[in-house]
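See structure below.
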Amino acid sequence: HIQFAKKWGMKDEICVDDFDPFKIETYIGMIYCAHVEDIPEMKRRLSPYFELQKHRSAHSFDLTLKNTSKALGIEKMVEKLGRSMHDTIAFGDGNNDLEMLKSVGLGIAMGNAVEPCKKAADYITDAIDEHGIVNALKHFELI
């Protein structure tokens, strides 16, 4: 856990080893299992509270609270602004972005995205480290 957090530049205060599911205020998190054989037990214990989306690594997963998603967050914001989902654009690269890419007006997958993400997208741009967001915005003449 410590090595993973240091590798990704995570601050100590955002790394949580213990939580009360009834008091949690975070909507998305990440978990890393040092040993693949621990994954079934992790899934068993966390799946009542979270949706689990596997990263490319066999060891890490995004955790999203049940009954919430990035798509739902965008829908709530659009509603609050009095706009339409047709007016929205989202960029994604991971399994936790699938619902979001399908629900926005224009879903754009990064070139480095997982295959399901690319299939869900309306457009595939370059990888993030190849200026994919800027290139897509130029492609659609938004900048």
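Here are the numbers for the structure shown:
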| quantity | calculated |
| --- | --- |
| Diffusion coefficient, µm² s⁻¹, Stokes-Einstein with Kirkwood Rh over alpha-carbon pairs of region 90-143 at 4 °C and 1.567 mPa s | 123 µm²/s |
| Within the accessible area of the chain (1.4 Å probe), percent carbon and sulfur | 53 percent |
| Residue-span extension gain [Met85 to Tyr32] - 0.36 nm each, minus C-alpha spacing | 15.7 nm |
| Distant-in-sequence amide H partners of Met30 (H built 1.01 Å from N, under 5 Å) | Leu63 |
| Per DSSP, loop chymotrypsin sites (Phe, Trp or Tyr not before Pro) in region 37-80 with at most 16 further Cβ within 10 Å | Tyr49 |
| Exposed-site-free run, longest, the chain (rule: trypsin sites (Lys or Arg not before Pro); DSSP loop; at most 12 other C-beta within 10 Å) | 84-143 |
| Span from the region 125-143 Cα centroid across to the region 40-74 one, whole angstrom | 28 Å |
| Fraction of the pair-distance distribution of the chain above 22 Å, Cα-Cα pairs, percent | 49 percent |
| Per residue solvent-accessible surface (Å²) - the chain, probe of 1.4 Å | 69 Å² |
| Simple spin-label estimate for Asp126 and Glu41 in nanometres, 7 Å along Cα-Cβ | 4.6 nm |
| Restricting region 48-143 to GluC sites (Glu not before Pro) in coil, as DSSP defines it, with at most 16 other Cβ within 10 Å | Glu141 |
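The values are calculated or read from the model by the stated rules, or taken from the named source; none is laboratory data. Not measured: the values here are computed from a predicted model. No Cβ is skipped: glycine too gets one built from the backbone with ideal geometry, and neighbour counts run over all protein chains shown. All accessible areas refer to the heavy atoms of the entire protein, side chains included, with ligands and DNA or RNA removed. Shrake-Rupley method; radii C 1.70, N 1.55, O 1.52, S 1.80 Å.
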